[in-house]
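Novice: Have a look at this one before I ask anything.
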Amino acid sequence: MRAAPVAVVAAALKRLLTLRRQTGPMPDLPLTFQDDQWMHQIFLAKSAQNGGVVRRKVADVERKVGRKTFELEVRRRGFHLIEAGGQFIIICTRDPLHLIV
């Protein structure tokens, strides 16, 4: 079996990444450096560092990193994630939550 030339493999990967951006998240593909940085930037926000709340549009999360990847990162950090009104609300604390109403 012949190995594909590097240019052919690179072109195929570029098509897949373009398709990912056009059609939404494809969790089996690795994140680009920019997408990975985008996700980690969320948790570098001052409110996240101080145990506060940050929010992002669901559509942005799904387009940039994918829902599954985002959920796994929030879970890895031990934070809480709520989806409401087209937004992800990340409560950046490991303390238990109490729903009042």
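Novice: Enumerate the calculated ³J(HN,Hα) couplings along the range 76-84 in order (Karplus 6.51 cos²θ - 1.76 cosθ + 1.60, θ = phi - 60°), each rounded to whole Hz, writing x wherever the residue is Gly or Pro.
Specialist: Running phi through 6.51 cos²θ - 1.76 cosθ + 1.60 with θ = phi - 60° gives 4, 7, x, 8, 10, 10, 10, 10, 7 Hz.
Novice: What FRET efficiency would be calculated for the residue pair residue 47, residue 6, taking the C-beta separation as r and a Förster radius of 35 Å, to the nearest 0.05?
Specialist: 0.20
Novice: Here is a follow-up. Considering only the other residues whose Cβ falls under 14 Å of the Cβ of residue 57, what net charge follows from Lys and Arg at +1 and Asp and Glu at -1?
Specialist: +2
Novice: Mind listing the long-range amide H neighbours of residue 87? Cut-off is under 5 Å, sequence gap 5 or more, other chains count too, H placed in the peptide plane at 1.01 Å from N.
Specialist: 58
Taken together, the values in this text are just the output of simple stated rules run on the coordinates, not laboratory data. Note that the coordinates shown come from a computational prediction; the quantities given were computed from them, not determined experimentally. In this analysis, Cβ positions are derived from the backbone assuming ideal geometry, glycine residues included, and neighbour counts consider all displayed protein chains.
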